[in-house]
Amino acid sequence: MINDIKKDGEARMQKSLDALETAFNKVRTGRAHPNMLSGVMVSYYGADTPLNQVASVNVEDARTLLVQPFDRTMVEAVDKAIREADLGLNPMTADVIRVPMPALTEETRRDMQKLARGEAENSRVSVRNIRRDMLGDIKELAKEKEISEDEERRAGDDVQKLTDKYIGMIDTKLEKKEAELMEV
């Protein structure tokens, strides 16, 4: 039973780490990356559809994304969706859409760093909440006399080690992202 709680908790902590990675992909650095547009939704025949389902997104060069809609009639809708996504991007439209990455100023880099720190803190909170849930489940087992006090203490220590491991991984990812943001 304790192992099931640990496995479930670790799986949930891993999902928090994956969500952080996704959030970090949306925080833009000076370089173009196709994942920056992963949250863009395009109105496709009245339904909001993810950009990657109506167009291919490629890196043309270090500072430019190339978006090629599968259907030529969708060029304007894709352009509009990118502009309205509040990413600070200004696409140039022809047969294809080129999205140049504006150069980051020192102030913009600091803002992006704050955003990254906020995302990391949200992930830490999520991991701590998972720890709380796991410890609550273990206490419930001890309360119902399904495990001994020693097993409860050992399981609590294991949960804390697991939490420390994931918090450390979050901190490492944050340091890497901050270094990437401050590169000129």
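Anything in segment 3-42 that is surrounded by fewer than 17 Cβ atoms within 10 Å (Cβ to Cβ), hydrophobic (A, V, I, L, M, F, W, C) and closer than 26 Å to residue 54 by Cα? List them, or say none. 19, 41, listed by residue number. Within segment 54-100, which residues are free of Cβ contacts under 8 Å to residues at least 24 places away in the same chain, in a strand (DSSP E or B), more than 22 Å from the chain's Cα centre (by Cα) and surrounded by 14 or more Cβ atoms within 10 Å (Cβ to Cβ)? Once the filter is applied, which keeps residues that are free of Cβ contacts under 8 Å to residues at least 24 places away in the same chain, in a strand (DSSP E or B), more than 22 Å from the chain's Cα centre (by Cα) and surrounded by 14 or more Cβ atoms within 10 Å (Cβ to Cβ), segment 54-100 yields only 93. The residues of segment 101-123 that are within 29 Å of residue 16 (Cβ to Cβ) and surrounded by fewer than 19 Cβ atoms within 10 Å (Cβ to Cβ), listed by number, are 108, 109, 110, 111, 113, 114, 115, 117, 118, 121, 122.
Does segment 117-125 contain any residue that is closer than 12 Å to residue 9 by Cβ, of a type in the set (Ser, Thr, Tyr), touching a residue at least 40 places away in the same chain (Cβ under 8 Å) and assigned by TED's automatic domain parsing to the domain that holds residue 8? There is no residue in segment 117-125 that is closer than 12 Å to residue 9 by Cβ, of a type in the set (Ser, Thr, Tyr), touching a residue at least 40 places away in the same chain (Cβ under 8 Å) and assigned by TED's automatic domain parsing to the domain that holds residue 8. Within the bounds of segment 25-36, is there any residue that is under 30 Å from residue 165 (Cα atoms) and of a type in the set (Val, Ile, Thr)? Yes: one or more hits. For segment 38-52, the criterion of being in the same structural domain as residue 172 (by TED's automatic domain parsing) and within 24 Å of residue 169 (Cα to Cα) is satisfied by no residue at all. Considering only residues of segment 147-184 that are loosely packed, with under 12 Cβ neighbours inside 10 Å and touching a residue at least 12 places away in the same chain (Cβ under 8 Å), which is nearest to residue 15 (Cα to Cα)? The selected residue is 183.
Out of the residues in segment 38-53 that are without any contact (Cβ under 8 Å) to a residue 24 or more places away in the chain and assigned to a strand (DSSP E or B), state the one that is nearest to residue 23 (Cα to Cα). The residue in question is 50.
The values are calculated or read from the model by the stated rules, or taken from the named source; none is laboratory data. This one's a predicted model, so the numbers in the text were calculated from it and none came from an experiment. Cβ: placed from backbone, ideal geometry, glycine included. Neighbour counts: every protein chain shown.
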